[in-house]
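The structure under discussion appears below in the form of C-alpha cells.
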C-alpha cells in the first residue's frame, strides 16, 4: 500500500501500512519534476550543473536553492586554510560564498535540448544557485562543532568562536540548499564504511541504494573534478569525528551518556545531535516527498529514500554483521535505565574528551627557537600547537574515566528484573521517588524525533531495517521498563510531537502489555477500528478505561493511568470524544480509577512502602484528576 495522506478519522488512525512521516505542507511539495527524470542515481547533464549535490532537475524542491561548488581557485584557498587550521578565515570565506547568491549561467551541452536549456536558464535567474563547500570541507566543519579543543577543552579563547561559526554555517547550508543538494550523505558518512566526506559511491547488497554522488562524475565550474580534492590535516584525518566514531549509533549513544553522566560535554553534544537529527528528518522528508510525486513504474518505488542518510547509517550497522534493530534501539534508548552494558559499549569519541580546559592556552614551555631561513631553521613553524591537548592515540584504548554512578538517573527499585544494574540505596525517610536530571529529560524529544523517522523507514524499507511491528515491539518493551518519570516523558501526549499514527501505535502497544488478558478484546468490541490498530470511544470505554493493571505494583498502575490519560487527551484534542454515548465513558473512567486504587491499597498499607511507591501514588492521583477534568469538559 502506498504512503497515504494524514488520516482524518480516529478509527483509521493507525495501520501498519500507514506509518509515515509528518504531513508535507504545500511549501514542501516538489516542483518541476519531469517524467523522464531518472533520480538521484542518474543525474541529467551534470556537466551543466556542477555542485556538491545531485542535478537540480531531479531533486530540487521549491523551498531549496540549487547548489554549486565554488570555482577551483576558491576551493583550493579554503582547502589551504582548513589544512593550516586557519578555521575562522575559512568559515568566513565559505559563509560569504554561500550567501553571495550570484547565479551560475549554464553552459551549452550537445546532450541537452534547447528547450531544456531555456527552462533551466529561467530557473537559474529566478533562483540563484548557492556556492556550497565540498563534502570534505563540510565534514571538517561538523567535526569542529564538537571537538573538545574547540568546545569543552579550549586551548585558546578564540577556539570557541570556531565551533560556533562552523555550526552556524552548517545550519545555513541545511536551510538554504537542503541535505540532498549539499550532498550531506557523502559529507557525514563514517570513514570505516567508505565515507568521511569523500564523495564516494555507496554500494550495498541492495545495489546503489538509489544514490550516486555526482562528485565522482561531474566536473566543477573550471573543469577539475572534486573527488580528487582530499584534505590533509588532523581534523580531516586522525581527529575527524567521522574516523573516530564507529558509526552514527555509537556516537549517539556516547552523546546520551554525556547527558546522563557528563553534563559539561552534553552542553556541546546536544547541539550536534539536534543538528544531525534535523538533517536526517529534512533529508528523509524531502526524499519521501519526491518519491510520492514520481511518475515511474513499480521499480521506482521508494528510490529516493533508499539514498537517504538514515538508510546509509542503517547499512553501516548491517555491514558490521550486527542486528540492526537491536543496535539502533539500544542507542536510541541508551542510559534511560540501569543497563550496565551501556557504559561498556558507548565510550569516548575523542581522546581525553572529558578533560576541561581553561581557555587560556596550555602550551608547555619550549626551548628557545631560532629563525634562520638560510640554514633551514624555521623557528616554531612546524610545532603543532595543541598536540598536547589532542592526546595520544594509545590513550584511546584506555578507559576515558572510571565508571561512576550516573547522576542522570537513580532508580530506587527494579521491576521484574528489568533493572539489571544495582538499585540505588533508598533513604527510608525520603518522600521523593526516582529522579532524572534535566539533561536526560532534554534527550526525550530528540529520541522521539529519531523514532519518528525510524518508523517511517521500517514502513517504507523493511528490507533495509526491520518490520514495523518488530520496531514498535522492541521500543515499547524498553519504554515500559523505564523509571516512572522517564516513562511519563515518553508517553504523555502534550510533551511529544509525534504524528498521530505513531503515537497511537505506541499507546496501543503499551496498554496491551499493562492490562490483564481477561479484559474484553478490542476486536470483539470494534473490529473495524481494531483492524487498523486505532482508537475509538467504544474501545476506550469497554476495553481500556475500566481496568487496573495486571500487576499489583503501584508503578505498574501509575504507568497504566498515564497511558489511559494520554489516550483520552489524544482523542479529545481531535474532537473524537462527546457525550453522545450516554455517560458511558464517564462511568468507565470512575470504575478504572477505583479499580487501580483498590489494586495498590494493600501494597501501600504494608511496611515496605518505598519512595517509588509514594511517587506512583502521586501520579495515580494526578492522573485521576486529569481524567475527571476531561469527563467534565467533554460532557462525558
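Before moving on, here are some points about what is shown:
- Panel values: the stretch 489-586, Kirkwood radius from alpha carbon pairs, Stokes-Einstein at 25 °C and 0.890 mPa s, translational diffusion coefficient 178 µm²/s.
- All Cα-Cα distances of the stretch 474-543, cut into 5 Å bins from zero to the largest, leave 3, 15, 25, 25, 18, 12, 2 percent in each bin in turn.
- Residue exposure proxy: 140, 593, 633, ordered by other Cβ atoms within 10 angstrom of their Cβ from fewest to most, comes out as 633, 593, 140.
- Peptides 528-538, 561-571 ranked from most to least packed give 561-571, 528-538, packing being the mean of other C-beta atoms within 10 angstrom over each peptide's residues.
- Alpha-carbon radius of gyration plus Dmax, which is the widest Cα pair, for the stretch 525-636 in Å: 14.6, 48
- As a proxy for reagent exposure, ranking 621, 526, 342 by other Cβ atoms within 10 Å from fewest up yields 621, 526, 342.
- Averaging Cα coordinates gives a centre for the stretch 517-541 and one for the stretch 278-337; these two points are 32 Å apart.
- Distance in nm between pseudo-label sites at residue 341 and residue 578 (7 Å out along the Cβ direction from Cα): 5.1
- A protection proxy built from the mean count of other Cβ atoms within 10 Å ranks the segments 79-91, 317-329, most packed first, as 79-91, 317-329.
- Relative packing of peptides 142-155, 273-286 - highest average C-beta neighbours within 10 Å first: 142-155, 273-286
- Extension gain (nm, one decimal) between residue 355 and residue 614, 0.36 nm per residue minus Cα-Cα: 89.3 nm
- Between residue 71 and residue 442, residue separation times 0.36 nm minus the direct Cα-Cα distance comes to 129.4 nm.
Where a number appears in this text, it was derived from the coordinates with a stated rule and is not lab data. Remember, predicted model here, so these are calculated numbers, not experimental data. Note that each Cβ is placed from the backbone with ideal geometry, even for glycine, and that neighbours are counted across all protein chains shown.
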